[in-house]
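Structure, as structure tokens:
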């Protein structure tokens, strides 16, 4: 079996046993918080609806893979930490969707949209619906973060390892919030450099999505700093490749497969590597059209197709694709230096391929 | 010296040594996160401006008092946990101010107002300012929560105790978010019961402001479950008294002393014990006027004075005051049952008095 197929199979099998665990965990929390108040039930149920059954669980699987790479025992040992990572992810996504005013995520309504549906029956005329739904969604996000802490505490491993994993969770949290802040303020500038875009990719994706979960798994297995650094040499380039592929799919993917909008990046004027590449490689006409079309929330479907066409014709799409492939390859090559089981090495290698070849 | 004076002196002395520690801690974090990006510096500086030098530090002092009550060593041992509690508090306040659209907190601009000042120079016309400032403030709140986690990890005590303190932090977080959710949805109902109001006071204040910090201190001293339960018998009534006094000050206090608006509770139509008491004790005319005047954001100063007058004439103010005093007394009486040092007992007793007699 090819490495990429092995990685896909691992993800599939992981999901099949992790998802019922995650679901059971959140159901138990719902029961627990319902005993405090109906509001506890409402908020936890909404976190459940937002989190369970959606997403690829790459982060959760990487916690398990990191644990196995570090010589840990069976992957179920760290499922609670994988839950923590997924709930931290929900926390960031829920707030991210409020920031971006997104309606759809994982083929479902975003959290504030869920509360729009919930509140339309009961909201009185003097309460502003948008403000109310944003508030409730923000709280659901906050609760998701709080419950993530509980999940990590509940792990049944030596307390010293748990404390080290918390320190990593803190570092991931800082990187992600800072990356998100940069993302919001970037549209203030007309000409964003490739370096600035890459820094956001490093913080918001490479460290958060790939390196962080692997490190948490390693730490829970009792690994030392050297093993963490070695793993980073794989994780960082692969993580950046993941984000580039995400950006490509965010413009050239299909809504059915992705479960989210494939026009919102263009409407928001998001500064991605694709845009930077148009400015770098495109003709003056391309650059001027892109500058004109980008960031218009009322843009027509024909104009969106024109943006796509410019990305193709200018060579920006090819450039982004080749960068992603190069980075994935670079990360894979580093795996040879790691002293991990051949089985795990193969899966991580396949994962790097999968990350740049995926269509959702 | 009377117990209340002793408590006030303790708070004053605590503040004098804690505040420089807190300031130094956040300055170090600013330096650390500035190395990630200028955005790290910006967000941490704003957390600093929001958090340091403001607030009474009751929560932080209670962590230290709980530690001493549990037979722990010198209070500096748990300063990092006190920082964690204060940063968790900033997290909730920043988000709370977004929810309530408040402009002033601790005599300073709220976080989203700070970002309004910051962004007015650089914001482009096509970006909606309110949405942008709310987003940045939400992120600053999120970062404050993330840094709170780090503060608690950095504590230099056995890892098992830290893990138990984290579990308590989780419980406090759940109670507070749920209480906040109830607070937002309460105005949906015209007639809110005294029980519903008391439940919010229990969750949003008693558990969060008084019991939680004391428990964290106790846990860090290695105290058992029994000691925690005994402390709760003091903390819960005193905590509810604290909130009742807060509500009284929120209508009858002065903006100079409080550092926040004394009209916003009325404008928002906040369902406090004072309002419940008007419905319970007032005449039909009082009840109808209150129902008419409450929740009008354009209410005139004369009408606000009328609301105050109705609270006085109906006996609602006296009722709320006597409830607060009764609860503080009840909590104080429970202290006799606790096996703690006489010195700490006296301070906690004085604190109960201070809580219902304070004017800010």
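Worth a mention:
- For the residues A:87, A:65, the requirement of being assigned to a helix (DSSP H, G or I), within 13 Å of chain B (Cβ to nearest Cβ) and within 21 Å of the chain's Cα centre (by Cα) singles out A:87.
- For residue A:220, the conditions (1) more than 7 Å from every other protein chain (Cβ to nearest Cβ); (2) without any contact (Cβ under 8 Å) to a residue 40 or more places away in the chain; (3) in contact with a helix residue (DSSP H, G or I) (Cβ under 7 Å, 6 or more places away or on another chain) all hold with the exception of (2).
- None of A:48, A:22, A:14 is assigned to a helix (DSSP H, G or I), within 18 Å of residue A:221 (Cβ to Cβ), more than 17 Å from the chain's Cα centre (by Cα) and in contact (Cβ under 8 Å) with a residue 24 or more places away in the chain except A:14.
- So residue A:132, is it under 24 Å from residue B:171 (Cα atoms) and facing chain B (nearest Cβ under 10 Å): no
- Filtered residues of segment A:275-288 (kept if touching a helix residue (DSSP H, G or I) at 6+ places or on another chain (Cβ under 6 Å) and closer than 20 Å to residue A:263 by Cβ): A:276, A:277, A:278, A:286
Yes/no matrix, rows are residues, columns are (1) surrounded by fewer than 17 Cβ atoms within 10 Å (Cβ to Cβ); (2) part of a helix (DSSP H, G or I):
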{"site": "A:271", "(1), (2)": "no, no"}
{"site": "A:275", "(1), (2)": "no, yes"}
{"site": "A:280", "(1), (2)": "yes, yes"}
{"site": "A:285", "(1), (2)": "yes, yes"}
{"site": "A:292", "(1), (2)": "yes, yes"}
{"site": "A:302", "(1), (2)": "yes, yes"}
{"site": "A:307", "(1), (2)": "no, yes"}
{"site": "A:310", "(1), (2)": "no, yes"}
{"site": "A:320", "(1), (2)": "no, yes"}
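- The set of residues in segment B:342-360 that are surrounded by fewer than 17 Cβ atoms within 10 Å (Cβ to Cβ) and touching a residue at least 60 places away in the same chain (Cβ under 8 Å) comprises B:357, B:359, B:360.
- Residue count for segment B:35-52, restricted to those that are within 22 Å of residue A:182 (Cβ to Cβ) and more than 10 Å from chain A (Cβ to nearest Cβ): 7
- The set of residues from segment B:231-262 being modelled with pLDDT under 95, out of contact with any strand residue (DSSP E or B) (no Cβ under 9 Å at 6 or more places or on another chain) and either closer than 26 Å to residue B:162 by Cβ or not in a helix (DSSP H, G or I) (or both) comprises B:253, B:254, B:262.
- Count of residues meeting criterion [closer than 30 Å to residue A:325 by Cβ and crowded, with 18+ Cβ neighbours inside 10 Å] in segment A:16-48: 1
- Residue list for segment A:219-230, filter: closer than 13 Å to residue A:71 by Cβ and assigned to a helix (DSSP H, G or I): A:219, A:220, A:227
- Selection from segment B:156-182 of residues that are within 12 Å of residue B:205 (Cα to Cα), more than 7 Å from chain A (Cβ to nearest Cβ) and touching a residue at least 40 places away in the same chain (Cβ under 8 Å): B:172, B:176
- Filtered residues of segment B:328-338 (kept if farther than 21 Å from residue B:11 by Cα and touching a residue at least 12 places away in the same chain (Cβ under 8 Å)): B:330, B:334, B:337, B:338
- Options B:266, B:236, B:284, B:299; residue that is in contact (Cβ under 8 Å) with a residue 24 or more places away in the chain and over 20 Å from residue B:198 (Cα atoms): B:299
- Restricting the search to helices (runs of 4 or more DSSP H) fully inside segment B:122-218 and requiring at least 2 residues that are buried (at least 18 other Cβ atoms within 10 Å of the Cβ) and modelled with pLDDT of 95 or more gives B:129-153, B:159-185.
- Reported count of residues in segment A:219-252, each being closer than 19 Å to residue A:322 by Cα and surrounded by 19 or more Cβ atoms within 10 Å (Cβ to Cβ), is 17.
- Within segment B:91-121, being facing chain A (nearest Cβ under 10 Å) and in a loop (DSSP other than H, G, I, E, B) holds for one residue alone: B:101.
The values are calculated or read from the model by the stated rules, or taken from the named source; none is laboratory data. Everything numeric in this text was worked out from a predicted model, so none of it was measured. All Cβ positions, glycine included, derive from the backbone under ideal geometry; neighbour counts span all protein chains shown.
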